[in-house]
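This report refers to the structure that appears directly beneath it.
The values are calculated or read from the model by the stated rules, or taken from the named source; none is laboratory data. This structure is a prediction, so every number in the text was calculated from the model and none was measured. FYI the Cβ positions are ideal-geometry reconstructions off the backbone, even for glycines, and counts take in every protein chain you see. Heavy atoms of the whole protein, side chains included, go into the accessibility calculation; ligands, DNA and RNA do not. Shrake-Rupley method; radii C 1.70, N 1.55, O 1.52, S 1.80 Å.
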Amino acid sequence: MSINVLAQLDEILAERKQATADTSYVASLYKKGLNKILEKVGEECTETIIAAKDATLSGSTDDLIYETADLWFHTLVMLGHFNVPSQAILDELARRLHTSGHTEKAARQPTA
């Protein structure tokens with residue numbers, strides 16, 4: 001079901017590229033360009049970090065879930081700007097699934 005939601009979002013975000021900025025928030029982001037999209041990703045990232053800190057104090061993760069959804073959404077908008085489907089990210093996560101983080105990071109480092 002979760003993958004289906006991502007695929008549906010991919011379709012909607014692609015459609016919104018063709019919409020007018022005054023009828024769609026996503027279209028307005030696409031029309032404003034990459035810098036505005038990245039600004040929103042950064043803003044949502046900061047809000048997610050604050051929500052995580054707040055969850056530590058309050059014990060409630062409601063805001064953390066809400067802000068993470070915003071972050072993921074705006075990240076999907078960013079990927080859509082480059083025509084990268086969410087499946088590409090899922091494929092990369094699947095590739096890393098049974099690999100130690102240390103091993104994966106070392107594989108990205110140039111050898112001396």
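Within the range 21-49, how many residues are open to solvent by 70 Å² or more (accessible area, probe 1.4 Å) and more than 17 Å from the chain's Cα centre (by Cα)?
4
For the range 1-15, how many residues meet the condition of being open to solvent by 50 Å² or more (accessible area, probe 1.4 Å), of a type outside the set (A, V, I, L, M, F, W, C) and modelled with pLDDT of 95 or more?
The number of residues fulfilling the criteria is 3.
Report the residue count in the range 8-40 for those that are touching a helix residue (DSSP H, G or I) at 6+ places or on another chain (Cβ under 7 Å), hydroxyl-bearing (Ser, Thr, Tyr) and more than 16 Å from PHE73 (Cα to Cα).
So the count comes out to 1.
Looking at the structure I just gave you, is GLN18 in a loop (DSSP other than H, G, I, E, B) and open to solvent by 70 Å² or more (accessible area, probe 1.4 Å)?
Spelling it out, GLN18 is indeed in a loop (DSSP other than H, G, I, E, B) and open to solvent by 70 Å² or more (accessible area, probe 1.4 Å).
Tell me which residues, restricted to the range 75-90, are within 14 Å of ILE12 (Cα to Cα) and not in a helix (DSSP H, G or I).
ASN83, VAL84, PRO85
Can you find, within the range 63-84, the residue that is farthest from ARG16 (Cα to Cα) among those that are hydroxyl-bearing (Ser, Thr, Tyr) and open to solvent by less than 50 Å² (accessible area, probe 1.4 Å)?
THR68
Take the residues in the range 4-33 that are out of contact with any Lys or Arg (no Cβ under 6 Å at 6 or more places or on another chain) and among the β-branched types (Val, Ile, Thr), then tell me which one is nearest to PHE82 (Cα to Cα).
ILE12
Going through the range 60-83 one residue at a time, which ones are within 20 Å of TYR25 (Cβ to Cβ) and among the aliphatic types (A, V, I, L, M)?
ALA69, LEU71, LEU76, VAL77, MET78, LEU79
Scan the range 85-99 for residues that are over 18 Å from the mean Cα position of the chain (by Cα) and loosely packed, with under 10 Cβ neighbours inside 10 Å and jot them down.
LEU97, HIS98
Take the range 50-62 and flag every residue that is open to solvent by 60 Å² or more (accessible area, probe 1.4 Å), part of a helix (DSSP H, G or I) and either in contact with a Ser or Thr (Cβ under 7 Å, 6 or more places away or on another chain) or farther than 26 Å from LEU6 by Cα (or both).
LYS53, ASP54, THR56, LEU57, SER58
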